[in-house]
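Below is one structure, written out as structure tokens; comments come after it.
Nothing in this text is a laboratory measurement; each read-out follows from the coordinates by a stated rule. Small disclaimer: the values here were computed from a predicted structure and weren't measured. Please note: Cβ atoms are built from the backbone with ideal geometry, for glycine as well, and neighbour counts cover all protein chains shown.
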Amino acid sequence: MDRTEREKIIIEAALKVFSAKGYASTRMADIAKAADMSYGLVYHYFENKEKLFDAIVEDWWTGYYGELEMLRKSDLTTEEKLVQIIRYILKVYEQKPSQISIYVTEVSRGFVYHADSKGKDKFNKLFSLCQDIMLDGQQQGVLRKDIRANYLTYLFLGSIDTFLSVMILGNEKLNETRHQRFIEGIINVFLHGALVRSSKG
């Protein structure tokens, strides 16, 4: 087994342990046990749980940023872009539920992560990429210009975070009905309430 394979096994084990026990309560020994590796071997690849946690979170940010960068440059309509963002989140929830759980409980709402300047920079980049999509929608006359783009961004990202929290806390499995409900709930409440309304008469 090469280094890359061992690191992948350790990270997968850490995902499950962090998700189940939370960052504060997790010990490297817990991760070693879940990975079925010796305590020393895990430390050989990751010097502490902070480095391991950072590796997990970095993987999340890389994927999320990549999706937003692609959508920002695409020819899709504003609504299609926003729907695609939601679909991406749901895809990760379906394929890597532990990663989404860690994002919601330890990253999005984690005081320690937000207090760190590195964490703030990560969120600022996410916010900026999403806000660019909102600004583009305003310039095209699709989204209302009397609502500041940063407010629209807060509302949209906040809606996604809230829906995810409900699903994670309720330990809900993602099926086609919930998938559609998630998308329609956010789009109908957020986007259709922010559309430019045609003037009467």
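Seen from ALA55, the other residues with C-beta closer than 12 Å to its C-beta sum to a net charge of -4, counting Lys and Arg as +1 and Asp and Glu as -1. The modelled label-to-label distance between GLN140 and LYS125, using points 7 Å beyond Cα along the C-beta direction, is 2.5 nm.
Give the calculated FRET efficiency between ASP54 and ILE147 to the nearest 0.05, with a Förster radius of 30 Å applied to their Cβ-Cβ distance.
On the way: r = 36 Å, r/R0 = 1.18.
Efficiency at R0 = 30 Å is approximately 0.25.
The slack between SER165 and THR62, meaning 0.36 nm per residue of separation minus the straight C-alpha distance, is 34.9 nm.
MET70 sits among other residues whose Cβ lies under 13 Å from its own Cβ, and their net charge, with Lys and Arg +1 and Asp and Glu -1, is -1.
Neighbour counts of other C-beta atoms within 10 Å: give me PHE123, PHE18 arranged from fewest to most. Spell out each step's value before the answer.
Working: PHE123 15, PHE18 26.
So the residues, fewest neighbours to most, are PHE123, PHE18.
Compute the signed sum of charges (Lys and Arg +1, Asp and Glu -1) over the other residues within less than 12 Å, Cβ to Cβ, of ILE133. Residues near ILE133 contribute -3 overall.
Multiplying the residue separation of LYS73 and ASN188 by 0.36 nm and removing their Cα-Cα distance gives an extension gain of 39.0 nm. Fewest neighbouring Cβ atoms within 10 Å first, the residues ILE10, ILE187 line up as ILE187, ILE10. Here MET134, MET70, MET28 are placed in order of increasing Cβ neighbour count within 10 Å, fewest first, which gives MET70, MET28, MET134.
Assuming a strict under-18 Å limit between Cα atoms, what lysine pair count do you get for the range 45-150 once near-sequence pairs (fewer than 8 apart, same chain) are dropped? Each step should come with its number before you reach the end.
Values: LYS49/LYS118; LYS51/LYS118; LYS51/LYS120; LYS51/LYS122; LYS73/LYS81; LYS73/LYS125; LYS81/LYS91; LYS81/LYS125.
Lysine pairs, 8 or more places apart or on different chains, close enough: 8.
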